[in-house]
Amino acid sequence: MTLRSRVVAVKGVRQGEGVGYGVTFVAERPSTLATIPAGYADGLDLRLGGRGVVLIRERRVPIVGRVSMDMLAADVTGVDVAPGDEAVFLGSQGRERIDAREMAATIGTIPYEILTRIGARIERLYT
């Protein structure tokens, strides 16, 4: 199973600048953040903010700030990322992989909760 989206924006933030609802992420150094259109309305748990990772360009990058209804941010500092790049929440990208067990362990739940939360607005392709 794969759950993926695409990067829609890449922006720099200065040291001390915050992002997201409630400004739960404050950059400790100049950073580059990718905005990805995926959020809790799609089934991504709120607890992934500041804990979870996403695969971009075959690298694990941390989800920063809060997971909002339709968007989240990932710290892509040092990774050559551009709008349109694939972002994988569940599944494989190159040699890297994130599965439901890993995501569940990250937020202290069970894999079934991860899978059953995936929202109805997510397109499903069966192969």
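Bear in mind that the values in this text are calculations on the coordinates, not laboratory data. Please read all numbers here as calculations on a predicted model, not as lab measurements. All Cβ positions, glycine included, derive from the backbone under ideal geometry; neighbour counts span all protein chains shown.
If R0 is taken as 25 Å, the Cβ-Cβ distance between residue 47 and residue 2 corresponds to a FRET efficiency of 0.75. Working from the Cα coordinates of the chain, the gyration tensor eigenvalues give, after taking √(5λ), semi-axes of 23, 16, 13 Å in decreasing order. Taking the number of Cβ atoms within 10 Å of each Cβ as an exposure proxy, the fewest-first ranking of 123, 96 is 123, 96.
Roughly speaking, what is the centre-to-centre gap between the stretch 50-127 and the stretch 12-39 when only Cα atoms are used, to the nearest Å? When both Cα centres are located, 17 Å separates them.
Listed by Cβ neighbour count within 10 Å, with the fewest neighbours leading, 95, 57, 6 appear as 95, 6, 57.
Placing R0 at 35 angstrom, the Cβ-Cβ distance between residue 9 and residue 105 gives a FRET efficiency of 0.70 after rounding to 0.05.
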